[in-house]
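Everything below concerns the one structure shown next.
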Amino acid sequence: MATFRLQGSKVLAVTMTGDAVKAKNGSMVAYDGQMAFKKMSGGGEGLRGMVTRRLTGEQMEVMEVRGQGTCWFADRASEINLVQLHGDKLWVEASNLLCADAGLRTGTTFTGMRGGATGNGLFTTTVEGTGQAAIMSDGPATVLRVTPQYPLSVDPGAYIAHQGDLQQHFQSGVTFRTLIGEGGGEAFQIRFEGDGLVYVQPSERNTIGGDV
């Protein structure tokens with residue numbers, strides 16, 4: 001299995017000994033040793049994945065990197081966070097997924113959230129299995145714990161990913177900004193209930209709520 005390590009907070013070094021990783025297309029910034037690069041269709045899920053992603057609007061362009069040596073990955077100076085999976089599943093916005101062990105299964109699933117966050121359909125990307133994944137954030141990410149006693153409400157524009165036994169609920173008509181007396185911003189929020197982790201970033205992507 002490939003070895004992931006961070007060099008600083010914005011560059012990911014992946015050492016491979018004949019194994020492979022799936023990475024965001026165009027994110028490789030340097031490598032040593034012998035490496036082979038192959039563009040993968042459908043976010044690494046083949047023809048079926050390509051059709052599914054076009055239908056759902058969940059876009060993810062992926063390349064496979066295989067060989068002996070070390071590859072360095074980065075994307076627009078984004079902060080990088082490592083997530084270790086032990087047979088569980090990670091839900092992540094496709095644009096925030098930088099790299100994953102090739103043995104991890106990627107897919108597209110209905111969440112009832114992404115359409116509100118980006119206007120591109122009610123779907124998000126999943127990463128499942130045992131291995132490591134690297135996710136990106138605009139600024140240092142914060143990992144928030146959700147327990148049955150303490151549910152969590154999140155600004156959709158700040159959401160990156162989540163893992164664990166969590167249920168999502170879409171709440172409209174309530175905004176973080178209107179609660180503090182400001183106009184504009186998201187006309188909804190995401191409520192997480194259950195037991196798991198939610199990753200958020202300190203800046204916001206554009207949402208269909210816009211500034212009204």
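Candidates are the residues of region 143-167 that are in contact with a Ser or Thr (Cβ under 6 Å, 6 or more places away or on another chain) and part of a loop (DSSP other than H, G, I, E, B); the one that is surrounded by the most Cβ atoms within 10 Å (Cβ to Cβ) is Pro156. Please verify whether region 197-206 includes one or more residues that are under 24 Å from Thr106 (Cα atoms), modelled with pLDDT under 85 and open to solvent by 20 Å² or more (accessible area, probe 1.4 Å). The answer is yes, given that some residue of region 197-206 is under 24 Å from Thr106 (Cα atoms), modelled with pLDDT under 85 and open to solvent by 20 Å² or more (accessible area, probe 1.4 Å).
Screening region 79-92 for residues that are under 12 Å from the mean Cα position of the chain (by Cα) and not hydrophobic (A, V, I, L, M, F, W, C) and picking the one that is surrounded by the fewest Cβ atoms within 10 Å (Cβ to Cβ) gives Lys89.
On the basis of being at pLDDT 95 or above and under 18 Å from Ser78 (Cα atoms), does Thr142 make the cut? Here the answer is yes, as Thr142 does meet what is asked.
The residue of region 93-105 that is nearest to the chain's Cα centre (by Cα), among those that are open to solvent by less than 10 Å² (accessible area, probe 1.4 Å) and farther than 14 Å from Asp138 by Cβ, is Ala94. Scan region 15-29 for residues that are farther than 18 Å from Val127 by Cα and of a type in the set (A, V, I, L, M) and the total you get is 3.
Among what's in region 168-196 and is more than 17 Å from Glu93 (Cβ to Cβ) and at pLDDT 95 or above, pick the residue that is least open to solvent (accessible area, probe 1.4 Å). For region 168-196, the residue satisfying everything is Gly194.
The values are calculated or read from the model by the stated rules, or taken from the named source; none is laboratory data. This structure is a prediction, so every number in the text was calculated from the model and none was measured. Cβ coordinates were reconstructed from backbone atoms using ideal geometry, including for glycine residues, and neighbour counts include every protein chain displayed. SASA here: full protein model, heavy atoms, side chains in, ligands and nucleic acids out. Shrake-Rupley method; radii C 1.70, N 1.55, O 1.52, S 1.80 Å.
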